[in-house]
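A quick write-up on the structure given underneath.
The values are calculated or read from the model by the stated rules, or taken from the named source; none is laboratory data. Keep in mind the model is a prediction, meaning the values are calculated, not measured. Here the Cβ is made from the backbone with ideal geometry for all residues, glycine too, and neighbour counts use every protein chain on show.
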Amino acid sequence: MNWFETKGIAENSMLNFSSIFPVGIDIGNRNIYAAQLQETKQGLVVRGLVHQEYQNETDGILAARDVLVPLLKDIIGDKRLKGRRVVVNFPAQYLLSFPLNFQVGKEETVETAILRHSRQYITFPLEEAIIDYPSLAPGDDDNKFRASIIAVRREQMQDYLSMLKKAGLTVEVVDFAISTLVRLHSYAHTPIQNPVILCNIGDTQSQLSIVTQDSILVQRQIPWGVHKLRKILRANLELSGDRDKAKVLLKEYGLFYEDCLDCSIDDNPEPTTDTDEARTMYRAIYQIINPQIDELVHELHKVIGYGRSEQQDAIFEGIYIYGQGTFINHLDRYLEKRLNIHTRLMNPLTKVGLSDDNGSVDLAEGGPFSLALGLAMRKVSWL
């Protein structure tokens with residue numbers, strides 16, 4: 001399900017080889033990513049990609065509307081995109097999510113039972129809430145179910161839509177990160193069979209989820225993102241005058257676990273580590289960001305523990321990292337070593353073709369566009 005879809009927008013039930021889909025827009029606390037797809041005889045191709053970084057000193061996206069409105073106008077007017085129809089994410093910082101095991105009473109619908117059982121978890125009046133469940137699966141006994149619940153204040157949803165309307169956008173769907181990631185992962189990787197751990201790392205918020213073939217076992221929002229890593233690198237390495245340098249260091253060096261710093265060159269796929277200068281930089285960056293990365297490890301441990309309590313015989317296929325976390329070099333190897341689960345950094349651009357007008361797009365930069373591409377796929381009828 002989606003918790004908001006504009007009335008009157010018909011789903012496309014047939015392939016249209018000239019169709020251009022709505023623009024998927026992922027609005028983060030400091031970055032906006034936009035992507036638009038086009039369907040061709042060769043399959044889905046990217047028609048346009050747009051990225052805009054911005055300064056946000058407020059408490060959140062809704063508070064930054066005066067900055068965002070003109071930026072969104074510029075993005076939707078970019079020649080790489082076509083039209084004003086959009087599919088957008090709802091900001092993770094305003095979401096309340098939780099798993100719910102419940103029983104449906106006599107003469108009670110599933111929706112009514114969800115509302116009744118959700119009351120204990122929602123921290124604001126139920127009449128002020130928009131509630132949805134992206135997954136619903138039968139439980140062990142009759143009339144028992146397991147659902148993944150999303151709730152948001154109705155007023156915040158209205159404020160968000162008002163901001164987008166002011167920017168001149170025609171909103172077709174408001175989606176949320178977990179359903180977007182499942183859609184993207186099923187296309188960019190393989191349809192989900194065994195349980196997988198999907199991790200989207202953003203500016204200041206990240207989403208951790210365990211997804212099975214028929215349900216979402218766990219979904220968790222955590223106040224953790226790459227902005228924290230870049231900020232601590234700038235402070236410790238005195239990079240205040242160069243905002244991009246911290247990002248470059250994360251991409252070039254990233255995490256290199258200590259027991260590999262002294263590996264032979266044959267064991268180490270990074271030839272630059274064979275120099276004393278590179279080894280010194282690897283150590284310095286590792287020591288600076290390792291405590292922050294371990295916060296992510298701790299959150300993943302909790303999610304994995306809960307998932308195993310729900311499915312004791314679960315064998316995880318892997319951890320798949322999307323979003324801005326794909327820029328952190330060696331993050332996959334570090335997490336795999338710490339959690340003992342196969343881990344991959346995902347770049348969806350390697351699975352989606354590029355139109356002839358996108359020859360200059362750097363395929364290596366695809367990770368941060370993950371949510372935008374997943375949102376852009378929302379109107380593809382066969383996904």
Please identify the pairs in which a residue from region 141-167 that is under 19 Å from T112 (Cα atoms) has its Cβ atom under 6 Å from the Cβ atom of a residue that is surrounded by fewer than 16 Cβ atoms within 10 Å (Cβ to Cβ) and of a type in the set (G, A, S), counting only partners at least 6 apart or on another chain. F145/G139; R146/A137; R146/G139
Total residues in region 5-44, condition closer than 27 Å to R65 by Cα and at pLDDT 85 or above: 17
Scope region 169-205; condition over 17 Å from L373 (Cα atoms) and touching a Leu at 6+ places or on another chain (Cβ under 8 Å); matching residues: L169, P195, I197
Going by what's in this entry, would E277 be described as at pLDDT 85 or above, closer than 24 Å to R234 by Cα, surrounded by fewer than 19 Cβ atoms within 10 Å (Cβ to Cβ) and of a type in the set (D, E, K, R)? no
Can you tell me which residue among N2, N56 is assigned by TED's automatic domain parsing to the domain that holds V171, among the polar types (S, T, N, Q), in a loop (DSSP other than H, G, I, E, B) and at pLDDT below 80? N2
Exception for R308 within (1) among the basic types (K, R); (2) part of a helix (DSSP H, G or I); (3) over 14 Å from I210 (Cα atoms) falls at (3)
Of everything in region 324-383, what is of a type in the set (D, E, K, R), surrounded by 19 or more Cβ atoms within 10 Å (Cβ to Cβ) and modelled with pLDDT under 90? Give them in sequence order. R378, K379
Name, by its number, the condition in (1) under 26 Å from K231 (Cβ atoms); (2) among the charged types (D, E, K, R); (3) at pLDDT below 95; (4) crowded, with 18+ Cβ neighbours inside 10 Å that does not hold for R47. (1)
Failed condition for F316, given (1) part of a loop (DSSP other than H, G, I, E, B); (2) under 23 Å from the mean Cα position of the chain (by Cα); (3) without any contact (Cβ under 8 Å) to a residue 40 or more places away in the chain: (3)
Top-ranked residue of region 173-189 - restricted to ones that are of a type in the set (V, I, T) and modelled with pLDDT under 90, ranked as nearest to the chain's Cα centre (by Cα): I178
Scan region 190-204 for residues that are buried (at least 17 other Cβ atoms within 10 Å of the Cβ), outside any strand (DSSP E or B) and more than 9 Å from the chain's Cα centre (by Cα) and jot them down. P195, D203, T204
Just the residues that are on the phi > 0 side of the Ramachandran plot and touching a strand residue (DSSP E or B) at 6+ places or on another chain (Cβ under 7 Å), please, taken from region 137-178. N143
